[in-house]
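Worksheet for the structure shown next.
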Amino acid sequence: MKPTAAREDLLRGLWKENPVLVQTLGLCPTLAVTNSVENGIAMGIATFFVLVGSSVLVSSLRKFIPNEVRITAYILIIATFVTVADMTLQAVVPVIHKQLGAFIALIVVNCIILARQEAFAAKNTVWRSFLDAVGMGFGFIIALLLMCSVREVLGNGTFLGHSVFGPNYEPWVIMVLPPGGFFTLGFMLLGIAAWSRRKNPKPLRARPHAVTMQTTQRAVV
Amino acid sequence: MSAHEHGAGAPAGPSVSPFKLISTLTVFGAIAGLLIVVVFQATQPSILRNQAAATEQAIRQVLVGGAQYQTLFVHEDELVAQVPAGVDTVPLEKVYTAMDGDGQRMGYAIIGTEPGFADNIKLIFGYDAASKQVLGMLVIEQKETPGLGDKIVKDSAFVNGFIRAATPLRGVKIGQGKGTPDEVDMITGATISSRITIGIINHQLERLGPLIEAYEQAGGA
C-alpha cells in the first residue's frame, strides 16, 4: 500500500466522491430531514455512527461471511447498529429523536451504507474500511449541512434557531417544505456538475451517470 | 464495468454448503439480538424517565404553580385515584390534577390526540371544573405544515386565547367574534389546524367532563 493510500481513503468521501453530491446516494434522508440544521446534524451523526460501525464489522468479518448470504449479513449488521443508534438517541436527546421520527429507522436502507459495505468494506482491511467510512460519513454530514443551512436560513430565517435576518424577514416557507428540498438539491447538483465539467473538460456525453460511474470504478479498482 | 470488478455476481469458487450459510446467519442473528437486548436494557430506564419528565413538564405548564400533582385513572367509566388491585395502570387513560399550597384543587390536566392536517396532533390542556374554563393549552406533538399549521404551537395570540376561555369552545375567525367568553380566535392560514386543536379539547371534555364532575361530587377521593 502506498503511503498516500490511507489519506486517499479518508479524503475521497469528503468531496471528490461525496456520497450525496457526486454519487447521488442516500437522497431520501437528504431531502426529508434537512429542513433544520439541528435535524441535519443529528441525522448526519447517526448515519456516521452506523456507517463506521458497520464498515469495521463487515471488513473484520469479511472472511467468515459466505458470498451467497453477504447482503443478508450486511443488512443484519447495519440494522443492529441502527437499532442501537435509535435507542441511544431516544435516551439521550428525546426531542431530536421525536423530530427525526421514522427516518432514524430508515437508515437501515440508506444505500450509502450498503454501498460502502459491498464496494469497499467487503474487500479491504479493517483500517482502510474505517478510514473510508469516516470519510464517507463526513461527506454525508457535509452534504446534509449544506442542504439544511440553505433551507433553514431561507425557509425559516434562522440558523440553528438563531435569527439571521431579523424580525422583518418573511420566511420563504417553501424551502422547508418538500419542494424546497428538491430545489436545493437540484441547484447544488447543478453547481457541482458545472464545476466538475469545468475542471475536467473531457466530453462526458451529458450522461447523468457519467461522473458517478467514473468515480465508482476508481473506488473498486 | 464487469461484475468481477464489483465483487458481486456469481460466487467465485466451489459453492458453500447450505449448513454453513444457515449457521453463519444464525450466529449473526443471535449476536445481533443479544446486542439489541443489552442496549435496550441500558437505555430503557432513561427513555421512560424522559417521557415522564416531559409529561410532568407539560402538566406544570397548563396547571401553573401547583404544589402537588396527582394522577387519576379512567377505570370503567369512572375517574379514580386508586385502581383496584391487579389492574394494570399503563393502558388506562390518565387525567392529572394539581393542588395549590393550601390543598385547594387548582384544576385538571387532560391529554388529547386527534388526526390533524398532517399526522396526529397531541395536546394537553388545563381545565377548571368549577368555572368550566380552560386554564391553558400546550401542543405536545404535531407535524403540521411548517410556517402555517405549526403556528398552533408558536402563535402566542392563539395559545393565550385558550386561557380562561369558557367551554365548550368556539373557534372564530379573527375579527368576527362577538366577544363572548367561549370564543377562541383561529389562526389565519391555519384554520384547519386551529379547528382541530379546539375540537380536541371539546371532545375530551364532552367525554371526561361528566367523569370529572362525578369525581368532584364524590369528594375527590
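Each value in this text was obtained by applying a stated rule to the coordinates, not by laboratory testing. Note that the coordinates shown come from a computational prediction; the quantities given were computed from them, not determined experimentally. Positions of Cβ are backbone-derived with ideal geometry, glycine not excepted, and every protein chain shown enters the neighbour counts.
Taking amide H as placed 1.01 Å from N in the peptide plane, A:Thr24 has no amide H partner under 5 Å among residues 5 or more places away or on another chain.
Counting only residues at least eight positions apart within a chain, or on another chain, the lysines with an alpha carbon under 16 Å from that of B:Lys143 are A:Lys98, B:Lys122, B:Lys151, B:Lys154. Pairs of Cα atoms nearer than 8 Å and 6+ residues apart set the relative contact order; for chain A it is 33 percent. Taking label positions 7 Å along the Cα-Cβ direction at both B:Gln41 and B:Ala53, the computed distance is 2.4 nm, reported to one decimal.
Helix A:178-199 and the long axis of chain A differ in direction by around 60°, with both axes built from C-alpha atoms.
For a straight C-alpha distance cut-off of 15 angstrom, the aspartates and glutamates reachable from B:Lys132 (same-chain residues fewer than eight places away being disregarded) are B:Asp182, B:Glu183, B:Glu206, B:Glu213, B:Glu216.
When peptides A:191-197, A:153-159 are sorted by average Cβ neighbour count within 10 Å, with the highest value leading, the order is A:153-159, A:191-197. Listed values for the range A:152-166 are Karplus-derived 3J(HN,Hα) couplings in whole Hz (6.51 cos²θ - 1.76 cosθ + 1.60, θ = phi - 60°), namely 5, 5, 6, x, 10, x, 10, 10, 6, x, 8, 5, 9, 9, x, and x replaces Gly and Pro. Work out the FRET efficiency for A:Thr125 and A:Asn168 from their Cβ-Cβ distance, taking R0 = 60 Å, and round it to the nearest 0.05. Once rounded, the FRET efficiency stands at 0.60. Cβ-Cβ distance of A:Val95 and B:Glu76, R₀ of 41 Å, FRET efficiency by 1/(1 + (r/R0)^6): the value works out to about 0.70. Per-residue mean of foreign Cβ neighbours for B:18-27 is 3 (Cβ atoms of other chains, 10 Å radius). Quantify how much of the Cα-Cα distance distribution of the protein assembly as shown extends past 44 Å, in percent. Roughly 30 percent, rounded to a whole number. The H on the amide N of B:Gly189, modeled in the peptide plane, is under 5 Å from the matching H of no residue at least 5 residues off or on a different chain.
For A:Lys123, the lysines whose Cα comes closer than 30 Å to its Cα, not counting residues fewer than 8 places off in the same chain, are A:Lys2, A:Lys16, A:Lys63, B:Lys20. Remark: the range B:116-127, residue by residue, has Karplus-estimated 3J(HN,Hα) of x, 6, 9, 6, 6, 9, 10, 9, 10, 9, x, 9 Hz, where x stands for each Gly or Pro and the curve is 6.51 cos²θ - 1.76 cosθ + 1.60 at θ = phi - 60°. State the antiparallel share, in %, of DSSP beta bridges confined to the protein assembly as shown, rounding to the nearest 5. Taking every DSSP beta bridge with both residues in the protein assembly as shown, the antiparallel ones total about 90 percent. The angle between the Cα long axis of helix B:18-62 and the main principal axis of chain B comes to about 20°, on a 0 to 90 degree scale.
Proximity of backbone amide H atoms, modeled 1.01 Å from N, is registered between B:Val184 and B:Arg170, B:Gly171, B:Val172 at under 5 Å, excluding neighbours fewer than 5 places apart on the same chain. Just from its helices, what would the mean residue ellipticity at 222 nm be for the protein assembly as shown, if runs of 4 or more DSSP H residues each count -39500 (n - 2.57) and the sum is divided by every residue, rounded to the nearest 500 deg cm²/dmol? Calculated from helices alone, the mean residue ellipticity at 222 nm is -17500 deg cm²/dmol. Compared with the dominant principal axis of the Cα atoms in chain A, helix A:3-12 is inclined by about 40°. Residue-wise HN-Hα couplings along the range A:13-29, as the Karplus relation 6.51 cos²θ - 1.76 cosθ + 1.60 with θ = phi - 60° gives them from phi, are x, 5, 9, 4, 10, 3, x, 8, 6, 10, 7, 6, 10, x, 6, 4, x Hz; Gly and Pro carry x.
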